[in-house]
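Working notes, structure below.
The values are calculated or read from the model by the stated rules, or taken from the named source; none is laboratory data. All of these numbers come straight from a predicted model, not from anything done at the bench. Virtual Cβ from ideal backbone geometry, glycine too; neighbours counted across all protein chains shown. Surface accessibility is based on the protein's heavy atoms, side chains included, excluding ligands, DNA and RNA. Shrake-Rupley method; radii C 1.70, N 1.55, O 1.52, S 1.80 Å.
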Amino acid sequence: MPYFIIAWPAALAGAAFAWSSNRTRPWLLPAAALGHLLLTVLAALRPGGPEFGGWLALDPLGRVVLLLVSVLFACCAFFAAGYLRFRSDRDNRVFCACLLLFLSMTTLTIWAHHWGLMWVAMEATTLAGAPLVYFNRNSSSLEATWKYLVISSVGIALALLGTFFLAYASVRQGLPTSLLVEDLLANAPLLSRPWLRAAFALLLIGYGTKMGLAPMHTWKPDAYGEAPGLAGALFSGGMTACAFLLILRALRLLKAAGEGAFAGQLLLWLGLFSVAVAAAFVMRQKDIKRMLAYSSVEHMGILALGAGIGGTALLGALLHLVNNGLAKGVLFLSAGNIHRAFGAKTTDRVRGAVRRLPLSGSLFLAGLFAVACTPPFGPFVSLLLILGGIFEEGWHWVGGALLFLLFLVFMGLGRTVLAASQGAAPDGEETAAPAYRDTLLTGAPILVLMGLVLLLGLHIPDFLQVFLSDALQYMEGGR
Amino acid sequence: MTTLLDGVFIALILLNFFILGKASLRGVIRVVCVQGTVLGLLPLLLGPHLDLRLVLVALGTVALKGVILPRMLVRALEELSIRREVEPYISFPASLVLGALGTGFAMFVSYRLPVTPGPGGDLLTSASISTVLTGFLVLTTRRKALTQVLGYLVLENGIFIFGLLLLEPLPFLVEVAVLLDLFVAIFTMGIVIHHINREFSTESTDRLTALKD
């Protein structure tokens, strides 16, 4: 099973590279996505045992992330088919191939159960992502690509050092060295504590960079601001989820070694700091895509916070991971449509989006309320769980600070989004960027994502509840 | 044998200071090339017995870190019509002082982290962490995109030094993957530098400051 699900998008990436027609090539994306989704559902229903000598396995955490990534990619793939039709002037060979490679490598990151392989796969997502940021081929997208590559590569390099430290934690104690997740867990109490702590700190910095936790988040506003909306959706919903998954696996190891309190503290502080940084920068943000990047920094902070507290808050964080991924999909895809229609993405030029683009504009507005954690959307439920967990564990001042910061973010988001969506379109804009209207392909995927976000707010399906409680149990030390 | 190894690690730490103090880009590339070559030879000194695997690792590392990557960088330097100085944001003495502080910090950290007595010992961890910090310093305080690639290389060198402790227990696959990923990363950065040069007809990342909040 894992071989097919990883190889299928990679094979289609090769096909996309060889495909000669610029017009029909984007249809490989939905083909890859549907195959991936089918295999994901099969794998989620019947999780098999480890394969390839234990190097590949789908643990309960991975199952949740895989489902999210697959659904998100499917929506983005159909969107891409519509979007690239508007950009038919531009060669999409590299873009399509890299999107598919990105899916393949994300899937590998999720399945990998060996710290070395996880690292390689994560690095590969960085490299496959770079051409996605550079799609527009102008000076600002080049700058964004450069920062993305340099900052992510340095982060991932530190994660490699962390991986080495992890290996040395068993070498030091004379244990048989293995970077397999399960082997390390089995030996956890015997591992060398100082090396384990240092390893966790480095892994947190490294994968935290990919996740976009402050202060390692600085690539995010640029990359999300300049990349096409659909790349932003995949980064903020998929790649960051994978990075969080790796951090959770590291946390589980530290817990098993009896260092859970140390790891939790680090996550908690980093998380709270991220939310604070996001609040500071979202306040005066005029660029709607950069604003979404700061919103992503905020939600990554909330996830880290929830993981650091543990218990109910961790369950909330897992649900929030899904909610945030889907809601970010809604926001980035609709922001992409707005960008296309107005030829601009700052609030001095984008006004009256709801009137100009009834579907995308309204979905963008609804997505904002979802991502600001208001009822009746999914993120509200998961945030409530996280907050409940925080107060339950007695971290009253953390809960209070978080609520205050969320209020600030809400104000900042609201100001920008309302300015962009309300009112009449500015004069003369009609002629500046004509011809873009919502179409079935660029509208329906967003509608599907929005429907899922709403559904998760009203009722969490039974299978997802099972998946989440399995994942929590796994984090708490079960199998 | 141990004194020889200690000498090599001290030499590696000294090379870090050369990297921080050199003003000419070509000079820095040359020092990084020397550092890469020394790193490549280390597996032969550290291994308990010489076998084919160690020789292959050594050869691959010397070829990549000592020859191919520096060659690529020199070629980029010649193709791009850029000024040949490093152009740091902070003065060279300040870089050196920060480098010294970093080395001190590395020694403190490696004192706290227990290592198995044997080849390398404390100095290996110190050399590794201080090289990582040097790379980080070059990355953050130098202006040009090319020097940022150099900083990344130095940082990777530091990680490689630590990897020597795991040469025996870590499977070959990981070693290969590490080298491969390093190569791909540098290669991609090379392409981006090429585009930067065409787009801005300069290669200073100074020009890459349009995006900010």
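Structure above, values below:
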quantity	calculated
Number of positions in the range A:37-56 that are among the aromatic types (Phe, Trp, Tyr) and either crowded, with 17+ Cβ neighbours inside 10 Å or closer than 10 Å to residue A:1 by Cα (or both)	1
Scope the range B:182-213; condition part of a helix (DSSP H, G or I) and either modelled with pLDDT under 70 or facing chain A (nearest Cβ under 7 Å) (or both); matching residues	B:184, B:185, B:188, B:189, B:192, B:195, B:196, B:199, B:200, B:205, B:206, B:207
Which numbered condition residue A:100 misses (of (1) of a type outside the set (Asp, Glu); (2) within 12 Å of chain B (Cβ to nearest Cβ); (3) over 26 Å from residue A:179 (Cα atoms); (4) over 15 Å from the mean Cα position of the chain (by Cα))	(2)
Any pair with Cβ under 8 angstrom, 6 or more apart, that starts in the range B:140-168 at a residue that is more than 8 Å from chain A (Cβ to nearest Cβ) and of a type in the set (Lys, Arg) and ends at one that is open to solvent by less than 20 Å² (accessible area, probe 1.4 Å) and part of a helix (DSSP H, G or I)	B:142/B:150; B:142/B:151; B:143/B:205; B:144/B:25; B:144/B:205
Criterion: open to solvent by 20 Å² or more (accessible area, probe 1.4 Å) and either on the phi < 0 side of the Ramachandran plot or among the hydrophobic types (A, V, I, L, M, F, W, C) (or both) - qualifying residue of A:142, A:166, A:158, A:149	A:158
Test: residue in the range A:203-210 that is more than 17 Å from the chain's Cα centre (by Cα) and open to solvent by 10 Å² or more (accessible area, probe 1.4 Å)	no
Some residue of the range A:9-19 being touching a Leu at 6+ places or on another chain (Cβ under 7 Å), crowded, with 18+ Cβ neighbours inside 10 Å and within 26 Å of residue A:464 (Cα to Cα)	yes
Residues located in the range A:179-213, provided they are touching a strand residue (DSSP E or B) at 6+ places or on another chain (Cβ under 8 Å) and within 11 Å of another protein chain (Cβ to nearest Cβ)	A:179, A:180
Odd one out for residue A:336 among (1) under 29 Å from residue A:228 (Cβ atoms); (2) assigned to a loop (DSSP other than H, G, I, E, B); (3) among the small types (Gly, Ala, Ser)	(2)
Scan of the range A:213-243 for residues that are surrounded by 24 or more Cβ atoms within 10 Å (Cβ to Cβ) and β-branched (Val, Ile, Thr), ordered by number	A:240
Any hit, the range A:99-120, residues being more than 17 Å from residue A:32 (Cα to Cα) and without any contact (Cβ under 8 Å) to a residue 40 or more places away in the chain	yes
Cβ-Cβ under 6 Å pairs, at least 6 apart or on other chains, the range A:50-70 side farther than 13 Å from residue A:471 by Cα and β-branched (Val, Ile, Thr), far side open to solvent by 20 Å² or more (accessible area, probe 1.4 Å) and at pLDDT below 95	none
Of all residues in the range A:111-139 being open to solvent by less than 10 Å² (accessible area, probe 1.4 Å) and touching a Cys at 6+ places or on another chain (Cβ under 6 Å), the one that is farthest from the other protein chains (Cβ to nearest Cβ)	A:132
Per-region count, the range A:168-191, residues in contact (Cβ under 8 Å) with a residue 24 or more places away in the chain and over 23 Å from residue A:475 (Cβ atoms)	1
Contacts under 7 angstrom Cβ, first residue in the range A:415-433 being modelled with pLDDT under 85, partner loosely packed, with under 14 Cβ neighbours inside 10 Å and in a helix (DSSP H, G or I), 6 or more apart	A:424/A:355; A:425/A:355
Any chance residue B:86 is in contact (Cβ under 8 Å) with a residue 60 or more places away in the chain, crowded, with 20+ Cβ neighbours inside 10 Å, within 24 Å of residue B:137 (Cα to Cα) and within 19 Å of the chain's Cα centre (by Cα)	yes
Filter result for residue B:116 (on the phi < 0 side of the Ramachandran plot, of a type in the set (S, T, N, Q), within 13 Å of chain A (Cβ to nearest Cβ) and not in a helix (DSSP H, G or I))	yes
Within the range A:253-271, tally of residues that are open to solvent by 10 Å² or more (accessible area, probe 1.4 Å) and more than 20 Å from the chain's Cα centre (by Cα)	10
Answer from A:147, A:220 - the residue that is facing another protein chain (nearest Cβ under 8 Å), closer than 22 Å to residue A:345 by Cβ and either touching a residue at least 60 places away in the same chain (Cβ under 8 Å) or hydrophobic (A, V, I, L, M, F, W, C) (or both)	A:147
Checking residue A:182 against (1) buried (at least 21 other Cβ atoms within 10 Å of the Cβ); (2) touching a Pro at 6+ places or on another chain (Cβ under 8 Å), the condition it does not meet	(1)
Residue among A:23, A:63 that alone is more than 20 Å from residue A:181 (Cα to Cα) and surrounded by fewer than 24 Cβ atoms within 10 Å (Cβ to Cβ)	A:23
Test: residue in the range B:172-181 that is at pLDDT 80 or above and assigned to a helix (DSSP H, G or I)	no
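A quick yes/no check of all residues on (1) more than 18 Å from residue A:386 (Cα to Cα); (2) open to solvent by less than 10 Å² (accessible area, probe 1.4 Å); (3) of a type outside the set (A, V, I, L, M, F, W, C):
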position: A:273; (1), (2), (3): no, no, no
position: A:278; (1), (2), (3): yes, yes, no
position: A:313; (1), (2), (3): no, yes, no
position: A:341; (1), (2), (3): yes, yes, no
